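The values are calculated or read from the model by the stated rules, or taken from the named source; none is laboratory data. Just so we're clear, the structure is a prediction, and the values are computed from it rather than from any experiment. Note that we place each Cβ from the backbone using ideal geometry, even for glycine, and neighbour counts take in every protein chain shown. The area values use the complete protein model at the heavy-atom level, side chains included, leaving out ligands, DNA and RNA. Shrake-Rupley method; radii C 1.70, N 1.55, O 1.52, S 1.80 Å.
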Amino acid sequence: MAQKTARKAHTLPSPKGGGKERERETSSRAESASAARAIWNGTISFGLVSIPVRLYTATKSHDVHFHLLHKRDGVRLQNIRWCPKHERAVPWDEVVRGFEYAKGQYVPVSEEDLEHLPVKTIHTVDISDFVKLEEVDPIYYDKAYYLAPDEAGVKAFVLLRQALEQTGRAAVAKVAIRDKESLCLVRPYQDVLSMDTLFYANEIRPTKDIAVDGVEVSPREIQMAVSLIENLSNRFDPQRYYDEYQTALKKLIDAKVAGAPLPAPPSERGEKIVDLMEALRASVEATRKKPSSTADGNAPPTRTRTISSRRKKSA
């Protein structure tokens, strides 16, 4: 299916994908299997400036993935593309995309049809505005990519990145990827540009139906909460955090494979606190004096878990 749904030069192919986009990349760049591979070629356009660039995925998942098994015999289940009319499985090379315009009525849409879309963002990151980065609420962020220059656009690319750094601005643009014209934000990141796709305003759900109203807190409670926040404040360092759930899950799987006893679940720690002020007071007291091991700016590994446990009990 990936071969049928990936556009020629402006959509992101799936990991299974082949197609002309991947063939062009393979022939134009003799990259090793471990090197980054561009998933889209196009240009950054603003004013009369056009910069040829390549797009790369910026993140990768380390999640443990499960397969579906038949509970009775443990055999892995298969996902089959089944045609009820011919009562048989359909291979990928016989699959096309289609849009349901009426109940049970579909119109096929081919790769050639998509090339006729009258939008310039198919091949271009089209910049319309430059804004301050802090003006963009994080709720709008969707998926992160890297932009790097093609050989012919290195100087212009570096010029744009340095200009954005000096002005403290980010570029708001639109680009067509994955069968959708996405709003995006282009900003300097290390020695490249990052491109984050954004949700449109009408894709953000309103909060009025879940908003809390009529709750009063005392000045003393606010003061204690502020003190707790200040005690736990630190400079953001992503290297300090890791996925404990995935680590524990892998240990559990290893134990099941080896036929060993499963790890013991965590025991509840700390006394149960139901009074909000008492919970705040105890938390502030516990975080007021930091051990000497935090002199280098790193938080002790057990402090956050202890406070989290107490906060959970007092909620």
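Data overview
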| item | result |
| --- | --- |
| Accessible surface of the range 103-251, 1.4 Å probe, proportion on carbon and sulfur as whole % | 54 percent |
| His86, His65, reordered so the largest accessible area comes first (probe 1.4 Å) | His65, His86 |
| Partner aspartates and glutamates for Lys251 [C-alpha distance under 15 Å; skip if fewer than 8 residues away on the same chain] | Asp63, Asp243 |
| Pairs from Lys132/Lys174; Lys132/Lys180; Lys71/Lys250; Lys60/Lys103; Lys120/Lys155 whose Cα-Cα separation, in the structure shown, is over 29 Å | Lys60/Lys103 |
| Estimated dipole of the range 183-267 in Debye, rounded to 20 [Cβ of Lys and Arg +1, of Asp and Glu -1, Cα centre] | 280 debye |
| Calculated FRET value between Arg178 and Leu276, using beta carbons and R₀ = 45 Å, to 0.05 | 0.50 |
| Surface accessible to a 1.4 Å probe, per residue, for the residues of the range 108-228, Å² | 65 Å² |
| Heavy atoms of Ser182 accessible to a 1.4 Å probe, total area in Å² rounded to 10 | 10 Å² |
| Placed amide H near Lys143: partners under 5 Å, 5+ positions off or other chain | Thr197 |
| Förster-model FRET efficiency, 35 Å R0, Ala201 and Thr247, C-beta, rounded to 0.05 | 0.35 |
| Full-extension gain in nm, Gln166 to Ala260, via 0.36 nm per residue minus C-alpha separation | 28.1 nm |
| Length added when fully stretched, Val192-Leu159, from 0.36 nm per residue minus Cα-Cα | 10.7 nm |
| Test item: Cα-centred dipole of the range 37-169, Lys/Arg +1 and Asp/Glu -1 on Cβ, debye | 520 debye |
| The range 54-200, relative contact order in percent, only Cα pairs under 8 angstrom and at least six apart counted | 23 percent |
| Dipole axis of the range 103-259 (+1 Lys, Arg; -1 Asp, Glu on Cβ), positive-most option in Ile210, Ile229, Leu198 | Ile229 |
| Chain lengthening between Ser50 and Val109 when straightened (0.36 nm per residue, less Cα-Cα) | 18.2 nm |
| Centre separation in Å (Cα based) which lies between the range 71-132 and the range 237-260 | 36 Å |
